[in-house]
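Notes follow the structure.
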Amino acid sequence: MSSASEGTQHYFHRAAREMGIGSRLEKVMIAPKREVRVECTIEMDNHELESFVGYRIQHDNSRGPMKGGLRFHPHVDPDEVNSLAALMTFKTAVVNLPYGGAKGGINVDPAKLSHSELQRLTRSFIDGIHDIIGPQMDIPAPDMGTNAQTMAWIVDQYSKYHGWSPAVVTGKPLELGGSAGREAATGRGLAIATEAVLLDHSLDLDGLRIVIQGFGNVGSWAARFLYDRGAKIVAISDATGAIYRKTGVDINALTAHTQAKGSISGFDGGDRINPENLFSIECDVLVPAALGNVLTKDNAADVAAKFIIEGANGPTTPEADEIFAKRGITVVPDILANAGGVVVSYFEWVQNIQQFRWTEERVIAELQSVMSEAYREVKSIAKSSRCDLRTAAFELAISRVARATALRGLENENFCLIGAQK
Ligand code: GLU
């Protein structure tokens with residue numbers, strides 16, 4: 001089993017069967033509602049024309065408008081986007097946001113395009129999908145390879161067709177209706193989830209050894225929050241390599257270095273190690289915060305952590321997940337661990353619609369409360385159903401999506417009975 005969507009489907013069906021929602025509802029819930037593919041042809045800086053393929057896959061809208069990021073990456077393909085769109089449906093449901101799930105992306109290496117080429121590509125993509133997104137329909141956000149600037153171009157391009165519409169995307173710059181605390185939100189949420197699971201095991205972050213794969217938006221902010229709470233980040237990697245320091249890397253110095261140089265390459269506050277050995281480093285907590293499908297049957301036996309907190313979407317294949325369960329490693333799944341980003345996206349959308357700005361303190365306090373509540377609910381299902389946190393998170397999400405689906409008119413006797421008993 002290797003494709004991204006096979007993994008997501010496996011986790012979904014495992015939980016759905018456990019709950020007995022019935023095969024009819026299972027089938028309806030996993031299939032995406034709409035898959036759009038657009039050809040984005042732009043003029044490059046050298047005046048040649050080049051075409052890129054973009055996708056927007058809308059998985060489910062039973063609980064509200066669809067929500068999910070836009071990824072610019074050479075791995076983007078329909079299977080990956082499909083899987084990520086479904087994960088968004090379950091992520092928004094776990095943290096109980098009034099949203100469904102979607103995902104999009106363009107198959108491109110953004111590092112190879114100039115700023116103006118990226119701008120033309122983003123606008124061309126929006127020309128292709130503007131009529132299927134919108135503040136009450138589908139609300140994109142940043143993901144790998146996109147950022148606040150990309151969202152600003154989207155607001156501008158979308159607003160040309162539909163009038164001023166900042167709520168069409170989240171993760172915008174503050175000047176265009178972005179929210180305080182959005183950029184740091186996924187990392188902050190991950191730190192909250194980490195503290196919650198540690199507390200359950202009578203542990204705290206002070207002095208704990210952490211290994212982080214990835215120093216992009218999620219990994220770098222997670223590193224900062226975990227470090228500030230007293231953890232030792234003993235190893236960390238990015239696309240250019242990995243560094244190790246037994247006594248813990250100085251994350252403030254590393255952040256200053258990457259802000260100046262663009263990557264961890266050349267940082268002298270640790271020993272360079274082979275990134276392939278990252279997962280086998282002795283530590284308490286492992287945070288995969290880069291690509292999907294990185295923890296596999298080939299390396300799961302080597303993982304030397306007691307906890308895995310999934311900052312990335314879909315980092316663990318089902319085979320690896322099974323090995324971790326057998327080895328007693330606690331996994332906090334992506335749809336809970338990295339939900340902080342979409343939670344603050346929701347706060348941003350609420351602020352846009354109300355035309356009212358929240359303070360950063362309010363954003364942080366509300367994020368803390370949503371993440372803690374979601375963790376508490378997932379944990380309580382894991383306890384009562386005697387299952388792992390991933391299955392419990394899927395069960396919580398599926399019950400919410402299934403109830404909404406059933407209430408909106410897609411009857412399912414089995415499911416309504418389960419709902420009525422609660
Ligand atoms: N791309 C982020 C994720 O995977 C955020 C999505 C959003 O804010 O809509 O959760």
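Considering (1) in contact with an Asp or Glu (Cβ under 9 Å, 6 or more places away or on another chain); (2) surrounded by 14 or more Cβ atoms within 10 Å (Cβ to Cβ), the lone condition that Thr41 does not fulfil carries the number (2).
Looking at region 195-213 only, could you name the residues that are open to solvent by less than 10 Å² (accessible area, probe 1.4 Å) and either part of a helix (DSSP H, G or I) or more than 20 Å from Ser372 (Cβ to Cβ) (or both)?
So the first thing to find is which residues in region 195-213 are open to solvent by less than 10 Å² (accessible area, probe 1.4 Å), and the list is 197-198, 205, 210-212.
Hits for region 195-213 are Val197, Leu198, Ile210, Val211, Ile212.
Looking across region 319-350, the residues that are within 14 Å of the ligand (Cβ to nearest atom) and polar (S, T, N, Q) come down to Asn338, Ser345. Beta carbons closer than 8 Å, at least 6 apart along the sequence or on distinct chains, pair a first residue in region 103-115 that is in contact (Cβ under 8 Å) with a residue 40 or more places away in the chain with a second that is open to solvent by less than 40 Å² (accessible area, probe 1.4 Å) and hydroxyl-bearing (Ser, Thr, Tyr) for Gly104/Tyr55; Gly105/Tyr55; Ile106/Tyr55. Can you pull out every residue in region 137-194 that is out of contact with any Lys or Arg (no Cβ under 7 Å at 6 or more places or on another chain), open to solvent by less than 30 Å² (accessible area, probe 1.4 Å) and at positive phi? Those that are out of contact with any Lys or Arg (no Cβ under 7 Å at 6 or more places or on another chain), open to solvent by less than 30 Å² (accessible area, probe 1.4 Å) and at positive phi: Gly177, Gly181.
Applying the set (1) surrounded by fewer than 16 Cβ atoms within 10 Å (Cβ to Cβ); (2) on the phi > 0 side of the Ramachandran plot to Gly248 leaves exactly one unmet item: (1). Summed over region 126-174, the residues that are without any contact (Cβ under 8 Å) to a residue 12 or more places away in the chain and either assigned to a loop (DSSP other than H, G, I, E, B) or within 15 Å of the ligand (Cβ to nearest atom) (or both) give a count of 2. Per the conditions (1) in a helix (DSSP H, G or I); (2) in contact (Cβ under 8 Å) with a residue 60 or more places away in the chain; (3) open to solvent by less than 10 Å² (accessible area, probe 1.4 Å), the sole criterion not satisfied by Ala312 is (1).
Among (1) touching a residue at least 60 places away in the same chain (Cβ under 8 Å); (2) over 25 Å from Ile42 (Cα atoms), where does His59 come up short? Among (1) touching a residue at least 60 places away in the same chain (Cβ under 8 Å); (2) over 25 Å from Ile42 (Cα atoms), His59 violates only (1).
Quick check on Asp334: is it touching a residue at least 40 places away in the same chain (Cβ under 8 Å), open to solvent by less than 10 Å² (accessible area, probe 1.4 Å) and acidic (Asp, Glu)? Yes; evaluated as a whole, the condition is true for this residue. Among the conditions (1) more than 21 Å from Ala15 (Cβ to Cβ); (2) touching a Pro at 6+ places or on another chain (Cβ under 8 Å); (3) surrounded by fewer than 24 Cβ atoms within 10 Å (Cβ to Cβ); (4) not charged (D, E, K, R), Ala111 misses just one, which is (2).
Filtering region 62-77 to residues that are open to solvent by 20 Å² or more (accessible area, probe 1.4 Å) and touching an Asp or Glu at 6+ places or on another chain (Cβ under 8 Å) leaves His73, Pro74.
Could you check how many residues of region 252-269 are out of contact with any Leu (no Cβ under 8 Å at 6 or more places or on another chain) and crowded, with 22+ Cβ neighbours inside 10 Å?
Restricting attention to region 252-269, the residues satisfying the condition of being out of contact with any Leu (no Cβ under 8 Å at 6 or more places or on another chain) are 252-263, 265-266, 268.
Within this subset, residues satisfying the condition of being crowded, with 22+ Cβ neighbours inside 10 Å are 254.
Counting residues in region 252-269 that are out of contact with any Leu (no Cβ under 8 Å at 6 or more places or on another chain) and crowded, with 22+ Cβ neighbours inside 10 Å gives 1.
Does Asn217 qualify as being open to solvent by 20 Å² or more (accessible area, probe 1.4 Å), within 22 Å of the chain's Cα centre (by Cα) and closer than 30 Å to Ser3 by Cα? So Asn217 fits the description; yes.
The values are calculated or read from the model by the stated rules, or taken from the named source; none is laboratory data. Everything numeric here is computed off the predicted structure, so don't read it as measured data. Because the Cβ atoms are built from the backbone with ideal geometry, glycine has one as well, and the counts that use them run over all protein chains shown. Note: areas computed on protein heavy atoms with side chains; ligands, DNA, RNA excluded. Shrake-Rupley method; radii C 1.70, N 1.55, O 1.52, S 1.80 Å.
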